[in-house]
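I have placed the structure first, in the form of structure tokens, so that the comments after it can refer back to it.
Rule-based calculations on the coordinates, nothing more; no lab input. Please read these numbers as outputs of a predicted model, since none were measured by experiment. Glycine gets a Cβ as well: all are built from the backbone with ideal geometry, and neighbour counts include every protein chain shown.
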Amino acid sequence: MPRASGAHAVRLIDELRRAVEEFDPKGHRDVRLARRRTLRLLKLATSALDRRHYDPGHVTASGIVLSPDQRDMLLVYHRRLDRWLQPGGHVERTDRSIAGAAMREVFEETGVVTRHDVVPRMVGISVHQIPQSSREPAHLHHDIVWRFVAANTRLGTNGERQRAVWCRMDELERYDADAPLLRSVKRALASPSPRDEG
């Protein structure tokens, strides 16, 4: 997101600050640290959403996307990091919310449509290093992770689509899922099912 100003960007920051403040680390030291670092970043106001803000980084949004039967989750191959991760990316000026940014990134990267009648839930927060490239220095992503349920399991094939797979929950180790991802998946599965939510 280019450096934003105005009431919309301020509202995004305020909503995100409240969500991060209310997020329970559940005793995980690294999650407590990520929460503290992200709250410190958010004090910089709209700069926190600017993808060109490299020190101390910027906010990103990603999604733990469960299949309709909640037996699988969506993964994409991140070429720059050379690993499988949940889909996600930067916040754009047109995003109505941080969860909306994650939902948009899910569709852009995979073509998967998420259910709009299931309320997104924050299930993770992670601060991780992005390596230097020819276009930008090394910097931090303060990633806010949301839980979604897919409307179906069809994957797209054009546009920005990356290599994407539906992964069985008991096969995440095959994709070298790290501790933050596994914790977010556990929270996502513990959230109420779509039937419970309406």
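Things worth noting here:
- Of ALA61, ALA138, ALA45, the one that fluctuates the most in a GNM where the chain has Cα springs shorter than 10 Å: ALA138
- Average projected area [Cα convex hull, the chain], square nanometres: 10.8 nm²
- Here each label is just a point 7 Å from Cα along the line to Cβ, and for GLU21 and THR153 those points are 4.2 nm apart.
- Mean Cα-pair separation over length for the chain, i.e. relative contact order, pairs under 8 Å, 6 or more apart, %: 24 percent
- Given R0 = 25 Å, the distance between the Cβ atoms of ARG37 and ARG174 translates into a calculated FRET efficiency of 0.25.
- Local net charge near GLY88, Cβ-Cβ under 12 Å (Lys/Arg +1, Asp/Glu -1): -3
- Potential lengthening between VAL119 and HIS28 on full extension [0.36 nm per residue; Cα-Cα distance subtracted]: 30.2 nm
- Quotient of C-alpha Rg and 2.2 N^0.38 Å, computed over segment 47-130: 1.11
- Highest-MSF residue in the chain out of ALA19, ALA34, ALA164 [GNM, Cα springs under 10 Å]: ALA19
- 3J(HN,Hα) from dihedral phi, segment 113-130, Karplus parametrisation 6.51/-1.76/1.60, rounded to Hz, x for glycine, proline: 9, 9, 6, 7, 8, 10, 5, x, 10, 6, 10, x, 8, 8, 10, 9, 7, 9
- Residue exposure proxy: MET169, MET122, MET103, ordered by other Cβ atoms within 10 angstrom of their Cβ from fewest to most, comes out as MET169, MET122, MET103.
- In this structure, ARG96 and SER133 have a Cβ-Cβ separation that, at R0 = 25 Å, corresponds to a calculated FRET efficiency of about 0.30.
- Comparing VAL31, VAL145, VAL123 in a Gaussian network model of the chain, where Cα atoms under 10 Å apart are tied by springs, the biggest mean-square fluctuation is seen for VAL31.
- Of the residues VAL10, MET169, PRO87, the one whose Cα sits farthest towards the positive end of the charge dipole of the chain is VAL10 (charges of +1 on Lys and Arg Cβ, -1 on Asp and Glu Cβ, taken about the Cα centre).
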